[in-house]
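> I am attaching a structure below and will ask some questions about it afterwards.
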Amino acid sequence: MRIDPKFFNHFMIAVAVFCIIAIAFASFRYIDKQEQRFLNRLDQSSLNELVFTNTLGDTVNIAPERTVVILFWATWSDRSLDTLNDLYHWHDAHPQFEVVSAYVKDAAELASVHDRPGTDHFTLVDGTGAYQELRVPGVPAAIVFSAGGDVLHTQVGTKEKPVWRELSSRDKLHE
């Protein structure tokens, strides 16, 4: 069946619109599935199982003795660096929390510029292995674990109020 030439342009526009809608739907669905898989993997993992390496290449395990904030970030992501700076300022005001600054898919030399030596309860690590094991869908991404190792909060991407700020809000309510 041939299309009348006077309707061909209309037909092609209709096909293009349908394809754009199909691509957008598939993309959103993929993103939702990817984030759901990350949350499922996180539910099946514990903080003790996550393996990080320090800038020297030594293995670092994080013990959940206190509430732990893990931030996966990268030097090549401006949003990651902004989020990391926000975490630094927050941690200065809330040093009772353990912070793990886990750079991913980056060179140790570039990441070590953002280290905070001498800061208690702050650790800079290469988080690429844990990031890939959990299949985190992007950077920056934050996970907050309770002192018992249970997941309290997760955040992928940047938000108006980062998840660690929820901890300080909760602390103010209990004071």
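The values are calculated or read from the model by the stated rules, or taken from the named source; none is laboratory data. Everything numeric in this text was worked out from a predicted model, so none of it was measured. We place every Cβ from the backbone using ideal geometry, glycine too, and count neighbours over all the protein chains shown. These accessible areas exclude ligands, DNA and RNA; they are computed on the full protein's heavy atoms, side chains included. Shrake-Rupley method; radii C 1.70, N 1.55, O 1.52, S 1.80 Å.
> Please go through region 52-81 and give me each residue that is polar (S, T, N, Q), open to solvent by 10 Å² or more (accessible area, probe 1.4 Å) and not in a loop (DSSP other than H, G, I, E, B), ordered by number.
From region 52-81, those polar (S, T, N, Q) are 53-55, 59, 61, 67, 75, 77, 80; that's our starting set.
Narrowing further to those that are open to solvent by 10 Å² or more (accessible area, probe 1.4 Å): 53-55, 59, 61, 67, 75, 77.
Within region 52-81, THR53, THR59, ASN61 meet the criteria.
> Separate question: Take the residues in region 141-162 that are open to solvent by less than 50 Å² (accessible area, probe 1.4 Å) and assigned to a strand (DSSP E or B), then tell me which one is farthest from HIS91 (Cα to Cα).
VAL156
> So which residues in region 1-38 are of a type outside the set (S, T, N, Q), touching a residue at least 40 places away in the same chain (Cβ under 8 Å) and open to solvent by less than 80 Å² (accessible area, probe 1.4 Å)?
Across region 1-38, the qualifying residues are GLU35, PHE38.
> Restricting attention to region 88-113, report how many residues are in a helix (DSSP H, G or I) and either crowded, with 17+ Cβ neighbours inside 10 Å or touching a residue at least 40 places away in the same chain (Cβ under 8 Å) (or both).
The total comes to 6.
> Next up: Taking region 81-128, which residues are touching a Pro at 6+ places or on another chain (Cβ under 9 Å), modelled with pLDDT under 95 and of a type in the set (S, T, N, Q)?
Answer for region 81-128, where residues must be touching a Pro at 6+ places or on another chain (Cβ under 9 Å), modelled with pLDDT under 95 and of a type in the set (S, T, N, Q): just THR119.
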